[in-house]
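Heads up, the thing below is written out as structure tokens.
The values are calculated or read from the model by the stated rules, or taken from the named source; none is laboratory data. Predicted model, so just to flag it, every value in this text is computed and none were measured. Because the Cβ atoms are built from the backbone with ideal geometry, glycine has one as well, and the counts that use them run over all protein chains shown. Note: accessible area is taken over every heavy atom of the protein model, side chains too, but ligands, DNA and RNA are not part of it. Shrake-Rupley method; radii C 1.70, N 1.55, O 1.52, S 1.80 Å.
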Amino acid sequence: MLNWGILGCAGIARKAMIPAITGSRNGRVAAVASRDAVKARAFADELRIAQACGSYDELLRDPSVDVIYNPLPNHLHVPMTIAALAAGKPVLCEKPLGLSAAEVQLLQAAQRRFGLPVAEAFMVRFHPQWQAARDLVRSGRLGELRAIHTVFTYFNADPDNVRNRPELGGGGLYDVGCYAINTARFLLEAEPEAAIGLFERDPAFGTDRLTSGLVSFPGGARLAFTCATQAALTQEALIIGTKGRLHIPVAFNPPPDMAATIVFDDCRDLIGTGREVITLPPADQYRLLAEAFADTVMGQAAALEDIASSISNMRVLDALLRSAATGRWETL
């Protein structure tokens with residue numbers, strides 16, 4: 001059983017990751033830290049966490065804390081993860097792992113120096129619906145993959161929210177567009193070659209509030225995605241092959257207490273004669289992620305995806321951002 005320390009009082013920690021760790025088979029939340037001691041104590045009391053630290057350094061120095069979860073604003077992912085490694089703590093860090101591939105490479109060098117596990121918290125890969133989707137792709141039932149279309153949008157116009165502050169690494173691409181890249185790489189089991197993006201920025205915040213991108217893969221497969229921070233709540237994925245298609249209606253945040261469904265269609269016609277609804281059992285993808293990372297830390301399982309994979313994901317985001325300036329396809 002590992003003792004987790006939580007850096008900060010982020011909403012994702014409160015709503016998803018702390019309940020997931022609390023319900024896991026191999027971990028417990030021992031401490032939470034904030035730069036505001038009063039805020040840390042209130043957060044800890046709300047979530048029944050024994051220890052509240054009034055600084056991040058206090059948490060990192062605590063010998064009773066075995067492993068760190070870092071859900072701080074994006075600009076603090078790399079520096080605070082490196083600080084945790086220097087303190088001897090493995091780290092599960094929220095996505096995106098950094099703000100550029102070059103920044104994540106600095107983290108990779110630190111991880112190699114300290115020799116401790118680090119993983120990016122892409123929980124979606126642990127959900128049975130994405131595992132089933134990849135199994136279907138591997139089985140050949142879809143034929144050769146040709147196109148993946150994903151949508152991930154929500155509405156948040158709060159000027160104080162970190163997602164709307166560019167200096168903290170806000171914006172739709174970093175927050176949710178990264179899922180489109182990660183899941184496409186997961187299904188295609190290949191690395192992209194080039195990307196082009198179209199960005200619409202909020203005139204007051206300066207963050208990208210509506211972003212669409214095209215990403216090309218070897219062999220001609222394409223990912224097309226749209227993400228937004230100021231649009232109606234929507235999630236879905238459509239995977240199209242030469243023999244069939246697969247629809248994932250709630251692609252990234254399926255409720256943990258409800259069964260998930262994905263729909264395969266052999267495309268014999270356009271009215272769904274060849275549809276097959278596949279039902280997956282309820283699953284808390286955050287708990288599955290926390291358990292997998294704890295197993296890695298304890299040496300009971302192979303390491304999760306290494307930082308090299310995170311660098312590959314960041315290179316696509318880098319290319320999309322470059323293309324916003326050039327208006328052209330950018331190679332990776």
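Tally Lys and Arg at +1 and Asp and Glu at -1 over the other residues with C-beta under 12 Å from the C-beta of ASP66: what net charge comes out?
+1
Could you name the lysines whose alpha carbon sits less than 16 Å from that of LYS89, not counting residues in the same chain fewer than 8 places away?
Cα-Cα hits under 16 Å: none found.
Can you tally the net charge around ASP158? Count Lys and Arg as +1, Asp and Glu as -1, for every other residue whose Cβ sits under 14 Å from the Cβ of ASP158.
That works out to 0.
Label-point separation (nm) for ASP269 and LEU332, each offset 7 Å from Cα along Cα-to-Cβ?
4.0
Extent of the range 1-158 along each principal axis, from alpha carbon coordinates, in Å, largest to smallest?
Projected onto the principal axes, the Cα atoms of the range 1-158 cover 55, 38, 36 Å.
Kindly state, to the nearest 0.05, the FRET efficiency for MET298 paired with GLU167, given R0 = 51 Å and r defined as their beta-carbon distance.
The pair MET298/GLU167 has a calculated efficiency of 0.85.
How much area per residue is accessible in the chain when the probe is 1.4 Å and only protein heavy atoms are counted (Å²)?
Numbers: 13940 Å² over 332 residues.
I get 42 Å² per residue for this part.
Under a crude label model (7 Å from the Cα following the beta-carbon direction), how far is ARG146 from ALA86 in nanometres?
5.3
Taking 25 °C and 0.890 mPa s as the conditions, I'd like the Stokes-Einstein D for the chain in µm²/s, using the Kirkwood hydrodynamic radius from alpha carbon pairs. Present the calculation step by step, with values, prior to reporting the outcome.
Numbers: Rh = 20.5 Å.
Answer, rounded: 119 µm²/s.
For the modelled label position 7 Å from the Cα of ALA157 along Cα-to-Cβ, which residues of the range 223-247 have backbone nitrogen atoms closer than 16 Å?
Residues passing the 16 Å test: 228-233.
Just to be sure I understand: if I project the alpha-carbon convex hull of the range 8-63 onto a plane and average over all orientations, what area do I get in nm²?
Values: hull surface 14.5 nm².
Over every viewing direction, the Cα hull of the range 8-63 projects on average to 3.6 nm².
Straight-line reach only, C-alpha to C-alpha below 22 angstrom: list the lysines that LYS39 could link to, leaving out same-chain residues fewer than 8 apart.
Here the lysines satisfying the reach criterion relative to LYS39 are LYS15.
Over the range 38-173, with every protein chain in place, what whole percent of the accessible area is carbon and sulfur at 1.4 Å, could you tell me?
53
Once the Cα atoms of the range 165-236 are picked out, what are the Rg and Dmax in Å?
Rg then Dmax for the range 165-236, in Å: 13.0, 41.
So between ALA102 and GLU305, what do we pick up on full extension, going 0.36 nm a residue minus the alpha carbon distance?
71.3 nm
With a cap of 12 neighbouring Cβ atoms within 10 Å, and only residues DSSP puts in a loop, list the trypsin sites (Lys or Arg not before Pro) found in the range 161-258.
Filter output for the range 161-258: LYS243.
By per-residue mean of other Cβ atoms within 10 Å, what is the highest-first order of 136-146, 264-274?
Numbers: 136-146: 15.9, 264-274: 12.7.
Put in order of decreasing packing, that is 136-146, 264-274.
Extending each Cα 7 Å along its Cβ direction at ARG134 and ARG61, get the distance between those two points in nm, one decimal.
Calculated label separation equals 4.1 nm.
Would you mind counting up the charge near GLU191? Only other residues with Cβ under 15 Å from its Cβ, with Lys and Arg at +1 and Asp and Glu at -1.
It works out to a net charge of -3.
Any chance you could look up the accessible area of LEU280 with a 1.4 Å probe, heavy atoms only, rounded to 10 Å²?
20
Taking Rh as the Kirkwood radius, which is the inverse of the mean 1/r over Cα pairs, what is the Rg/Rh value for the range 149-196? Write down the numbers at each step before the final one.
On the way: Rg = 13.2 Å, Rh = 12.4 Å.
Here the Rg-to-Rh quotient is 1.07.
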